[in-house]
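Contents: one structure, followed by commentary.
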Amino acid sequence: MCKYYCMNRARKWKFLRPRNIRGFSLLEITVVLLLLSAIALPLLINSRTSSDRIRSQGLARALTEELRAARAHAAQEQTDVVLAFPSGGAWRSFRVYQGEDVLQPVRTLNFDKEYESYILAASWPATGSWQSSSTLPTRNDLPAGMSLVIFRPDGSVTSNLPRLDGAHCLVVGNAMTFSRGEGTVSELSAIKDPNTVLLRPSGTIELVERLYQASVSLPVTDAKPTLLALELDDLTGEHTPVIDSISFFPRSGSVEGQSGLGKTFIEIHPVGEGERLKEYGMVTLEVEASDTDGGPLFLEVKVDPSLGSPGTLTSDGPVRMEYLNGRWKGTVGWKPPVQADSDITYSFQVNVSDRDGRVVSTRSDASVLPILTTLADNRLAVEDVDGVVYLANLEGGELVRITPPGAWESQPIWSGDGTKLYVIAREDKETSFVRYNADGTGRKTVTVFPEDAQAFQVDRSGMYLGFLHSETKATYDTLSKEGFAQKSSLTTYSLSILHVSSGKDPLPVAGGVDGFVFLPYENGQFQTSIVKVDHEDGPAFDEGGVPIEGETHEYATFESKTNISRASGLGPEIKSSAYELSVDLDKGALNPYEPRYFAGSKSSVRSLAEGRKLEDSSFYVFQKKDGYWVDVVKLAKDVKLLEPPVWSANGDWVVYTVEEKGVRRVYAQRIQLPEPEAKHEAVVNDSIPMLEGTKVESVTPTPGGDAILYIVGTLGTPDSRLMSQRTKEGSGPVQIGVNLRGVASYAITQ
C-alpha cells in the first residue's frame with residue numbers, strides 16, 4: 001500500500017505538473033510509519049525464532065560430531081572410548097575417557113561459551129516403544145552415577161541412555177521442562193526447538209531435527225533449566241608412566257640395599273641326575289606402575305652381574321603389564337646362572353614404557369632395587385622340645401622363631417629344592433600339614449591329617465607329601481626256618497599322597513604297605529614296599545610242639561614286593577612305572593646325583609649278578625648294570641650297619657653308622673664315582689672316624705659334605721644338643737650355636 005501510494009504520488013507529480021510544489025503532510029507520514037510497523041513486527045519475530053533454532057541445531061551438530069570423532073578414535077587406537085554425561089538434568093559439558101584395560105580421563109568438553117541450548121537424556125510420548133537402558137560392562141573403573149556412551153574398538157556402542165526402538169536418544173533444545181524419572185532418566189514435558197541425536201548399537205550416529213517419533217506435540221516453553229556443570233580437568237600434555245613400587249619374592253631382609261640370594265632368599269638345589277652342579281631357584285620381581293594416559297604399560301628387566309653371565313629372565317623383552325586394583329602390575333622371573341659362585345653381585349634395571357614409547361627407568365643404585373648377592377647354601381631348621389621351630393644358618397647364627405604363639409610344630413622337612421619348609425602342626429587336637437616359605441614367611445595350612453598319620457615325607461620338588469595311616473595289625477600262624485610253628489605279627493598301613501600346591505584332599509594310592517620313600521633324584525617318584533600274605537599247608541603241631549601225624553595246618557607266608565610309582569597331576573594321579581628297583585631303601589641309600597649307585601649291605605640288595613657272593617658283614621657301594629646290582633667298592637668290612645647311610649647333597653660323601661665289635665662308630669667317606677662311560681674305577685678315600693662310643697641321633701652331612709650334624713643326649717629332652725663336626729680327621733665336635741632348651745629334630749636344606 002505504501003509503495004502503491006508513493007508511486008501514485010510520483011505519477012501525479014510527473015504527469016500533472018502542478019505549479020505549486022509541496023512535501024508530505026504529517027498525516028501522510030504517520031500513516032506510512034504505521035504501515036511499516038505492521039509489516040516489520042512479524043518479520044522481527046520470525047527472525048528471532050530462526051536464531052533460536054540455529055542455536056539448538058548448532059549444539060546438536062557439535063554433539064554429533066564429537067560422538068562420531070570418539071567412535072573413530074576407538075576404532076583407530078583399538079581401545080575403549082567412554083563419554084560420561086551428568087545424569088538427572090540438562091548439561092552442556094561432558095568428560096571423555098579412554099583406555100584398553102583401564103580408563104583414564106582424556107579431556108572435558110564444554111560448550112557453555114558457544115551455545116545457550118541444553119542437552120538432556122530423557123524419554124517422551126512416542127509412537128515407538130521405549131526400552132530400559134542397556135547393561136553396562138562389569139568394569140569397576142567406569143565413572144559412577146553418570147550417563148555413559150561406550151564406543152568399542154569394533155565401532156559398536158553400549159550405553160545406559162534411554163532407548164526408543166533400540167536407538168539411544170539425547171535431546172537438544174533451547175528451553176525445556178522435565179521431571180525426574182526412574183534411575184538417571186528424565187521425562188520431557190515441554191521443549192522449545194527440539195533436535196534429537198540417535199546412537200544405535202551398531203555405532204550409527206544420526207541427527208534428527210525434531211523430537212524423534214513423538215506421538216504428540218509437546219508444549220513449547222521458554223523455561224530455562226538449571227545447568228549441570230562439570231569441573232574442567234587439566235589433561236593437557238603427554239604423561240610418562242610412574243613406577244610406584246618394586247617387590248622381590250620370596251621376600252628377604254635387606255641391609256643397606258644388599259640382599260642375599262642364599263637360603264633366605266632364593267634356594268639352591270640339584271639340577272638332575274648325573275649333574276654335579278648347583279642351580280638357584282627363581283626370584284620374582286613384581287613392579288607396580290601408574291599412567292595418566294590410560295596405558296597399557298610394558299615392563300622390561302635387565303641384569304648386570306659383577307662377574308660372569310647375567311642369568312636367565314623369563315622374558316628377554318618388554319612384557320605387557322596387567323591392570324589390577326587400580327595399578328598396572330607386571331612380574332618377571334629371574335635365576336642366576338647355574339653353578340654361580342658365592343659373592344657375585346647382581347644389579348637390576350627396570351624399565352616401564354607406554355604405547356607411545358615414553359619410558360621411566362630405575363636401577364639398583366637408586367635405592368629402589370636391592371643389589372642381590374649369591375650366598376652359600378647353608379640353611380637349618382630346628383625343633384626344640386617345646387614344639388617350636390626355628391631357622392638358622394649351619395653355624396647356628398641368625399636364629400629366628402617361625403612357630404606362632406600357642407602352636408605346636410614338629411618334624412621340619414625341607415623340600416628337595418629348598419624353596420619350602422614343611423612342619424607338622426598340632427592345634428586344638430588336630431594334626432595338620434603347614435607350609436612356610438624358605439625365609440619363614442607365608443605360613444599356610446595345606447591339609448588336616450587323619451589321627452593316626454605318621455612317616456611324613458616330602459618329595460624333592462616340594463610338590464608332593466606322602467604319609468602312612470590306617471594302621472592294621474594282625475597275628476598269623478607261620479613256620480620258622482627250622483620248620484616249627486610260631487606266631488608272627490604283621491603291621492601294614494595305607495599310603496596317601498597329597499599334592500601340596502593345590503591343597504586338595506590326600507589321595508589313597510596303596511594298601512598293605514609296610515614302608516615307602518620318595519626317591520631323591522626325580523620329582524614325584526616314590527618307592528613302596530607292599531606285603532602280600534599267602535597261605536600254604538604244613539604239618540600240624542600239638543601244644544607241646546610235637547607234629548601230629550596225618551594232620552596239616554594252614555600257615556601264612558609273607559612276600560614283600562618293591563616297586564616305583566609316580567605322583568603326577570593335580571589329583572594327584574598315580575601311575576605305576578612298572579620298574580623294579582630291587583634295593584631296600586630302609587637299609588641303604590641311593591646317590592642323589594647318581595641313582596645308579598647304591599650304598600648298603602648285601603641284605604639291602606634284592607638281586608645280584610649270577611655267581612656273585614658278598615660277605616654279609618660288609619658295606620658296599622653297588623652299581624646298577626644290565627638290570628643287576630654289582631659291587632663297585634667296599635666301604636667297610638665286618639661291620640653291622642645300624643642305620644641307613646646318608647649321602648651328601650652333592651653326592652660325594654657317604655656318612656654311615658656301624659657297630660664294630662660291640663662299639664658304635666660313625667664314619668664319613670668321600671667317594672669319587674666314575675663318569676657313566678668312563679673306564680676308570682671309583683676312587684674311595686679312607687674313612688674318617690667321626691664319633692665313637694657315643695649315642696647319637698639323626699646324623700646328616702652338610703650339602704657339601706664338609707661337616708656332619710647330629711643330636712647328642714636323650715632325644716627330645718632338655719639335655720639334648722645339636723652338634724657339628726667337620727669331616728677332617730682330628731677335628732673335634734662343636735656344639736651348634738642354637739641356644740635352645742633341648743633339640744627334638746632338625747633338617748638341612750639339600
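The values are calculated or read from the model by the stated rules, or taken from the named source; none is laboratory data. Note that the structure is predicted; figures quoted are calculated from it, not measured. Neighbour counts are summed over all protein chains in view; Cβ atoms, including those assigned to glycine, are modelled from backbone coordinates with ideal geometry. We work out accessible area using only protein heavy atoms, side chains counted, and drop any ligands, DNA or RNA first. Shrake-Rupley method; radii C 1.70, N 1.55, O 1.52, S 1.80 Å.
Extension gain, Tyr476 to Leu715, is 82.6 nm, computed as 0.36 nm per intervening residue step minus the present C-alpha separation. Note on Asp244: accessible area approximately 70 square angstrom, rounded to 10, probe 1.4 Å, nucleic acids and ligands left out.
The distance linking the stretch 451-477 with the stretch 292-361 is 44 Å (Cα centroid to Cα centroid, whole angstrom).
By a 1.4 Å probe calculation restricted to protein chains, Lys640 has an accessible surface near 120 Å², given to the nearest 10.
Each label was represented as a point 7 Å from its Cα along the Cα-to-Cβ direction; for Gln339 and Thr221 these points are 8.7 nm apart. How many angstrom separate the Cα center of the stretch 63-108 from the Cα center of the stretch 686-731? What the calculation gives is 74 Å, centre to centre.
Could you order Arg596, Arg379, Arg71 so the one with the most accessible surface comes first? Probe is 1.4 Å. Working shown, then result.
Values: Arg596 60, Arg379 15, Arg71 80 Å².
From most accessible down to least: Arg71, Arg596, Arg379.
Taking Met463, Met690 and ordering them by how much accessible surface each has at a 1.4 Å probe, largest first, produces Met463, Met690.
In this structure, the pairs whose alpha-carbon distance is over 24 Å, taken from Lys532/Lys637; Lys561/Lys634; Lys420/Lys624; Lys481/Lys561, are Lys532/Lys637; Lys561/Lys634; Lys420/Lys624.
Cut-off 18 Å, label point 7 angstrom out along Cα-to-Cβ of Gln76: give me the residues of the stretch 345-359 whose amide nitrogen falls inside. Under cut-off, by backbone N: 355-357. Annotation for the stretch 441-504: GluC sites (Glu not before Pro) lying in DSSP loop with at most 15 further Cβ atoms inside 10 Å of their Cβ are Glu451, Glu482. Can you work out the FRET efficiency for the pair Thr557 and Glu427, with r the C-beta to C-beta distance and R0 = 51 Å, to the nearest 0.05? About 0.70, to the nearest 0.05. Between the beta carbons of Thr240 and Glu114, assuming R0 = 35 Å, the FRET efficiency works out to 0.55 to the nearest 0.05.
Note on Phe619: accessible area is roughly 0 Å² with a 1.4 Å probe, heavy atoms of protein only.
Per-residue accessible area (protein heavy atoms, 1.4 Å probe) orders Leu479, Leu468 as Leu479, Leu468, starting from the largest.
Suppose every Lys and Arg Cβ carries +1 and every Asp and Glu Cβ carries -1, with no other charges. What dipole size does the stretch 52-198 come out with about its Cα centre, to the nearest 20 debye?
Working: 14 positive and 16 negative charges, 56 e Å.
For this selection, approximately 260 debye.
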